[in-house]
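The values are calculated or read from the model by the stated rules, or taken from the named source; none is laboratory data. These numbers come from a predicted model, not from an experiment. Here Cβ is always computed from backbone atoms with ideal geometry, including for glycine, and neighbour counts include all displayed protein chains.
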């Protein structure tokens, strides 16, 4: 009862933003509901500075609902199928992720970009956009402004990729009789799942391929998404080491508490999915949970938007956009080069 009394108003506000954002995201998949929600939240907070009793519920939504969304994502992950069908793309995935994280680390040092912002943009660019940012933010204690800024940068390059990549694929000579080459390209070089599906669907429509490209791209994307697990664990370990070096561990910090338990639940959800599918249970059973996960992410993005200072974001947005652009270009070039070397196109 005390929990509801403290948090109900903020949760309700986030829910009220999330519902229309979710509907609009279905109508405009290139943009996606998460981006729409964060924009609405930013606009509202321009006129609603003192959130009073709603503050606690908004904070709860931006943290705990976000973690719950990541756990539910696990119910969309069939580990055995993804790993089997993703073998062809695995070398490309590893190299593109390494490239993005390497670029983010170098530019963080060279351009003096905040560590959390560089990490979120690097992880979001290399793995799966908003979902990776959602999983990483609690591990590194990123604040809402940092999350909002990273989401905004990822969104910008998502839209560019979804609009430009089908034409690029035609220009450079991808096979138009099958969706394999462009599907791998979209799955490895486009940041967020919504834009991956948008680009792949466009390629299918251009060449009347049914859903060949979409199926390939989604499978590759799911394989790529698995990198959330080791990366968040490594970040948690680094955070624990840094805290110990700076002496903050004496104030009660411990790696056990810093360990992202929601990632453990994410893995368990993936194992449950894999087991159920292996005994013949239809994957359709998990569709409601996957949809709920997407909706929770939209709710969390609404909360983050409500807690974000858009004026501050605009003023400090130049360097993060350059960082995001460099990561995006690096991933695109590495994906294309490796596909060419491997004879995929």
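General observations
- Among all residues of region 137-149, there is none that is closer than 22 Å to residue 92 by Cβ and either buried (at least 24 other Cβ atoms within 10 Å of the Cβ) or in contact (Cβ under 8 Å) with a residue 40 or more places away in the chain (or both).
- Only one entry in 329, 314 is at pLDDT 85 or above, surrounded by fewer than 16 Cβ atoms within 10 Å (Cβ to Cβ) and assigned to a helix (DSSP H, G or I), namely 329.
- There is no residue in region 288-296 that is closer than 25 Å to residue 238 by Cα, within 17 Å of the chain's Cα centre (by Cα) and either assigned to a helix (DSSP H, G or I) or at pLDDT below 85 (or both).
- Unmet criterion (only one of (1) closer than 19 Å to residue 338 by Cα; (2) within 16 Å of the chain's Cα centre (by Cα)) for residue 168: (2)
- Some residue of region 13-22 being part of a helix (DSSP H, G or I) and within 23 Å of residue 214 (Cα to Cα): yes
- Region 230-255 residues that are under 18 Å from residue 137 (Cβ atoms), paired with ones that are loosely packed, with under 14 Cβ neighbours inside 10 Å and at pLDDT 50 or above (beta carbon under 8 Å, 6 or more apart): 239/141
- Tally of residues being assigned to a helix (DSSP H, G or I) and either out of contact with any helix residue (DSSP H, G or I) (no Cβ under 8 Å at 6 or more places or on another chain) or modelled with pLDDT of 85 or more (or both) across region 157-179: 12
- Residue satisfying condition, being part of a helix (DSSP H, G or I) and over 25 Å from residue 99 (Cα atoms), within set 195, 201: 201
- For region 49-66, the set of residues classified as surrounded by fewer than 21 Cβ atoms within 10 Å (Cβ to Cβ) and touching a residue at least 12 places away in the same chain (Cβ under 8 Å) consists of 51, 53, 54, 55, 56, 59, 60, 63, listed by residue number.
- Test set (1) over 19 Å from the mean Cα position of the chain (by Cα); (2) in a helix (DSSP H, G or I); (3) within 23 Å of residue 147 (Cβ to Cβ) - residue 4 fails condition number: (3)
- Residue within region 45-60 that is within 28 Å of residue 226 (Cα to Cα) and touching a helix residue (DSSP H, G or I) at 6+ places or on another chain (Cβ under 6 Å) present: yes
- Against the test of being touching a helix residue (DSSP H, G or I) at 6+ places or on another chain (Cβ under 6 Å), closer than 28 Å to residue 203 by Cβ and free of Cβ contacts under 8 Å to residues at least 60 places away in the same chain, the options 154, 133, 93 yield a single qualifying residue, 133.
- Residue that is under 30 Å from residue 27 (Cβ atoms), part of a helix (DSSP H, G or I) and at pLDDT 80 or above, where the choices are 213, 232: 213
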